[in-house]
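First the structure, in the form of structure tokens, and then the observations on it.
The values are calculated or read from the model by the stated rules, or taken from the named source; none is laboratory data. Keep in mind the model is a prediction, meaning the values are calculated, not measured. Heads up, the Cβs are rebuilt from the backbone with ideal geometry, glycines too, and the neighbour counts pull from every protein chain shown.
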């Protein structure tokens, strides 16, 4: 049985050494291969994330089996994480399937209800050695079936973040500081002062969602101010689908999926290697 690396251990090293671990969303075999290949080539720890939409599309057992095959010969730490789980039942299914980390997203709920449900997840996950991520504040945009409009979104309150972490004892906290899921219509403006305040009050690693399309300088600043896990999804999708379109534009009669999806996989490898180096995690696999 393959045992995936605990996210809390990866993020503890990132905290001690001032970098961020890339958390990359995956929904098919080619993207899975690209994630592990890019991390292996960069000698970096990596987190493979599955969203509710990916699980619905591919099936939980298929995804776990693929991840197991992908990491069997890897010499880097690889974690498998549930991204934006919204029910206790789903979280438990992922824990039972062998995930090393889960996110319970109760950010749409009143804070007291979010705390109550997150506590239940932590209580179930800890005996299994599974890390728990939670979210406070609402990050706008669309993440598969999860939609948060701009009017609904709000930034994380630092004092609320402190109270939430104290009450739940989560391993990491996703915060809203101005990023969004999906494509940006303009350049995102991150509230770095808010991030610094949160980091001064919260003693667990900070997670930045909606990081695709955020300028490299802003990513570096976020890491300098305490972000230790950075989620990437849209950049992966754009690289993959963009390359598929290019291949079909050049060879409209191509019917071999391998000749269409293979180049798309390589495009994802290249963009993820860039992200890994941007996050400062290249060469950190030896710290396992």
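Considering only residues in region 199-213 that are over 22 Å from residue 102 (Cβ atoms) and at pLDDT 90 or above, the one that is surrounded by the most Cβ atoms within 10 Å (Cβ to Cβ) turns out to be 199. Quick one: would you say residue 31 is part of a strand (DSSP E or B), under 17 Å from the mean Cα position of the chain (by Cα) and within 22 Å of residue 234 (Cβ to Cβ)? No: the conditions fail for residue 31.
Report yes if residue 39 is under 17 Å from the mean Cα position of the chain (by Cα), within 20 Å of residue 209 (Cβ to Cβ) and in a helix (DSSP H, G or I), otherwise no. Steps first, answer last, please.
Numbers: under 17 Å from the mean Cα position of the chain (by Cα): yes; within 20 Å of residue 209 (Cβ to Cβ): yes; in a helix (DSSP H, G or I): yes.
Taking the combined requirement at face value, the residue satisfies it.
For region 75-84, check the following and say yes or no: at least one residue is within 30 Å of residue 283 (Cβ to Cβ), surrounded by fewer than 19 Cβ atoms within 10 Å (Cβ to Cβ) and at pLDDT below 95. Looking through region 75-84, at least one residue is within 30 Å of residue 283 (Cβ to Cβ), surrounded by fewer than 19 Cβ atoms within 10 Å (Cβ to Cβ) and at pLDDT below 95. The condition (being at pLDDT 95 or above and either touching a helix residue (DSSP H, G or I) at 6+ places or on another chain (Cβ under 9 Å) or assigned to a loop (DSSP other than H, G, I, E, B) (or both)) is satisfied by just one residue among 133, 187: 133.
So that you can scan it fast, the table gives a plain yes or no per residue for (1) under 22 Å from residue 220 (Cα atoms); (2) surrounded by fewer than 24 Cβ atoms within 10 Å (Cβ to Cβ):
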{"site": "13", "(1), (2)": "yes, yes"}
{"site": "26", "(1), (2)": "no, no"}
{"site": "30", "(1), (2)": "no, yes"}
{"site": "35", "(1), (2)": "yes, no"}
{"site": "46", "(1), (2)": "yes, no"}
{"site": "53", "(1), (2)": "no, yes"}
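Tell me yes or no: at least one residue of region 66-75 is in contact (Cβ under 8 Å) with a residue 12 or more places away in the chain, in a helix (DSSP H, G or I) and under 17 Å from the mean Cα position of the chain (by Cα). Looking through region 66-75, at least one residue is in contact (Cβ under 8 Å) with a residue 12 or more places away in the chain, in a helix (DSSP H, G or I) and under 17 Å from the mean Cα position of the chain (by Cα). When every residue of region 154-163 is checked against the conditions, none turns out to be in contact with a strand residue (DSSP E or B) (Cβ under 8 Å, 6 or more places away or on another chain), surrounded by 22 or more Cβ atoms within 10 Å (Cβ to Cβ), at pLDDT 95 or above and within 24 Å of residue 48 (Cβ to Cβ).
Go through region 108-130 residue by residue and tally those that are outside any helix (DSSP H, G or I) and either modelled with pLDDT under 95 or surrounded by fewer than 14 Cβ atoms within 10 Å (Cβ to Cβ) (or both). Outline the logic, then answer.
Initially, region 108-130 is screened for residues outside any helix (DSSP H, G or I), giving 108-110, 129-130.
After this cut, where a residue has to be either modelled with pLDDT under 95 or surrounded by fewer than 14 Cβ atoms within 10 Å (Cβ to Cβ) (or both) as well, the list is 108-110, 129.
Residues meeting the conditions: 4.
With a cut-off of at least 1 residues that are closer than 16 Å to residue 35 by Cβ, in contact (Cβ under 8 Å) with a residue 40 or more places away in the chain and out of contact with any strand residue (DSSP E or B) (no Cβ under 9 Å at 6 or more places or on another chain), name the helices (runs of 4 or more DSSP H) lying wholly within region 212-288. Talk me through it step by step, then tell me what you get.
Details: elements: 216-224, 234-250, 257-279.
Because the criterion is at least 1 residues that are closer than 16 Å to residue 35 by Cβ, in contact (Cβ under 8 Å) with a residue 40 or more places away in the chain and out of contact with any strand residue (DSSP E or B) (no Cβ under 9 Å at 6 or more places or on another chain), the helices (runs of 4 or more DSSP H) in region 212-288 that meet it are 234-250, 257-279.
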